[in-house]
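Heads up: the structure comes next, in structure tokens.
The values are calculated or read from the model by the stated rules, or taken from the named source; none is laboratory data. Nothing here was measured: the structure is a model prediction, and the numbers come from that model. Here Cβ is always computed from backbone atoms with ideal geometry, including for glycine, and neighbour counts include all displayed protein chains. In case anyone asks, the SASA skips ligands and DNA or RNA and just uses the protein heavy atoms, side chains included. Shrake-Rupley method; radii C 1.70, N 1.55, O 1.52, S 1.80 Å.
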Amino acid sequence: MKAMILAAGRGERMRPLTDSLPKPLLMVGGKPLIVHHIEKLKAAGVRELVINHAWLGDKLVAALGDGSQFGVQIAWSAEATALETAGGIVQALPLLGDAPFLVINGDTWLGLDYTPLVSQELGGDLAHLWLVTNPPQHPDGDFSLEGDRVWDRPGLTFSGVGLYQAEAFSALTPGSRKLAPLLRDWMAQGRVGGSLLTGDWRDIGTVARLRALDDELVSSTN
């Protein structure tokens, strides 16, 4: 399986840190946030990664290269301006291929084993989403989980981790496109499965959250 790490965002809420550094390269626990994803994907058996970039993308490429330093292969999908999630996936499809692929937000923290994410089966679903209990900054949530079905009703928060059929995006035209409307269409067809993501998940959306995570990781290794 291939995995795509989304890394094209500007990181406005993280300014001034992101004025000179792309958000996924911000340091937590002694290494860039995105490197934690790469290492955990490799540990779960994923060796081929696709990473999109826009804001300060040259710094991402310079830092990570072709992935050989991490024992993986990285293919880069450059965006002149960030294309939103679905638009970024559509542009990267030639790199992702025809098989199901995993997508992870590069600015989140997942303190867990990625193996269950990689081993998830899609069956006839177009997507499988991992939902989390609502964090304080998003109390209403996004979607609901009933059994193994995800529906367009508030209840839980979408973690940004999803497994997708390539065919779900293959007919879409290139351009900036949000993912949520597509997910809602697929939910209406009953073709979105889901699981509750257990473990330490965090949206690293503010400097305070970044520093809190860094402090915890550093203290845990001392």
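Show me the helices (runs of 4 or more DSSP H) entirely contained within segment 105-222 in which 1 or more residues are surrounded by fewer than 17 Cβ atoms within 10 Å (Cβ to Cβ) and of a type in the set (V, I, T). So that I can check it myself, show each step before the final result.
Numbers: elements: 115-118, 180-188, 207-220.
The qualifying helices (runs of 4 or more DSSP H) are 115-118, 207-220.
Considering only residues that are open to solvent by 60 Å² or more (accessible area, probe 1.4 Å) and not small (G, A, S), look in segment 18-30 and name the one that is nearest to I204 (Cα to Cα). Steps first, answer last, please.
So the first thing to find is which residues in segment 18-30 are open to solvent by 60 Å² or more (accessible area, probe 1.4 Å), and the list is 19-20, 27, 30.
Subset that is not small (G, A, S): 19, 27.
Numbers: D19: 16, M27: 11 Å.
The qualifying residue nearest to I204 (Cα to Cα) is M27.
Which residue pairs have Cβ atoms under 9 Å apart, sit 6 or more places apart or on different chains, and have a first residue in segment 122-134 that is hydroxyl-bearing (S, T, Y) and a second that is assigned to a strand (DSSP E or B) and crowded, with 21+ Cβ neighbours inside 10 Å?
Listed pairs, sorted by first residue: T133/L156; T133/T157.
Regarding segment 7-28, can at least one residue be identified that is farther than 19 Å from R209 by Cβ, in contact with a Gly (Cβ under 7 Å, 6 or more places away or on another chain) and either at pLDDT below 95 or of a type in the set (A, V, I, L, M) (or both)?
yes
Which residues, counting only those in segment 172-209, are of a type in the set (K, R), within 23 Å of R15 (Cβ to Cβ) and more than 16 Å from the chain's Cα centre (by Cα)? Break it down into steps so the answer makes sense when it comes.
Step one: filter segment 172-209 for residues of a type in the set (K, R), giving 177-178, 184, 191, 202, 209.
Right, trim to within 23 Å of R15 (Cβ to Cβ) and you get 178, 202, 209.
Of everything in segment 172-209, just one residue is of a type in the set (K, R), within 23 Å of R15 (Cβ to Cβ) and more than 16 Å from the chain's Cα centre (by Cα), namely R209.
Do we find a residue being closer than 20 Å to A212 by Cα, among the aliphatic types (A, V, I, L, M), open to solvent by less than 40 Å² (accessible area, probe 1.4 Å) and part of a loop (DSSP other than H, G, I, E, B) anywhere in segment 50-61? Break it down into steps so the answer makes sense when it comes.
Just the residues of segment 50-61 that are closer than 20 Å to A212 by Cα, to begin with: none.
No, because not a single residue in segment 50-61 is closer than 20 Å to A212 by Cα, among the aliphatic types (A, V, I, L, M), open to solvent by less than 40 Å² (accessible area, probe 1.4 Å) and part of a loop (DSSP other than H, G, I, E, B).
Anything in segment 66-86 that is of a type outside the set (A, V, I, L, M, F, W, C) and modelled with pLDDT of 95 or more? List them, or say none. Give the derivation first.
Taking segment 66-86 as the starting set, the residues that turn out to be of a type outside the set (A, V, I, L, M, F, W, C) are 66-69, 71, 73, 77, 79, 81, 84-85.
Across segment 66-86, the qualifying residues are D66, G67, S68, Q69, G71, Q73, S77.
To keep it simple, each residue is scored yes or no on (1) basic (K, R); (2) at positive phi; (3) touching a Ser or Thr at 6+ places or on another chain (Cβ under 7 Å).
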position	(1), (2), (3)
K31	yes, no, no
G45	no, yes, no
L49	no, no, no
F101	no, no, no
G106	no, no, no
L117	no, no, no
L129	no, no, no
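Identify, please: which residue in segment 62-91 is of a type in the set (S, T, Y) and open to solvent by 40 Å² or more (accessible area, probe 1.4 Å) and is, among those, nearest to E167 (Cα to Cα)?
Of all residues in segment 62-91, those of a type in the set (S, T, Y) come to 68, 77, 81, 85.
If we keep only those that are open to solvent by 40 Å² or more (accessible area, probe 1.4 Å) as well, we get 68, 81, 85.
Details: S68: 29, T81: 25, T85: 16 Å.
Among those that are of a type in the set (S, T, Y) and open to solvent by 40 Å² or more (accessible area, probe 1.4 Å), it is T85.
State whether the residues of segment 36-46 include one that is over 25 Å from P116 (Cα atoms), buried (at least 19 other Cβ atoms within 10 Å of the Cβ) and in contact (Cβ under 8 Å) with a residue 60 or more places away in the chain.
No, every residue in segment 36-46 fails to be over 25 Å from P116 (Cα atoms), buried (at least 19 other Cβ atoms within 10 Å of the Cβ) and in contact (Cβ under 8 Å) with a residue 60 or more places away in the chain.
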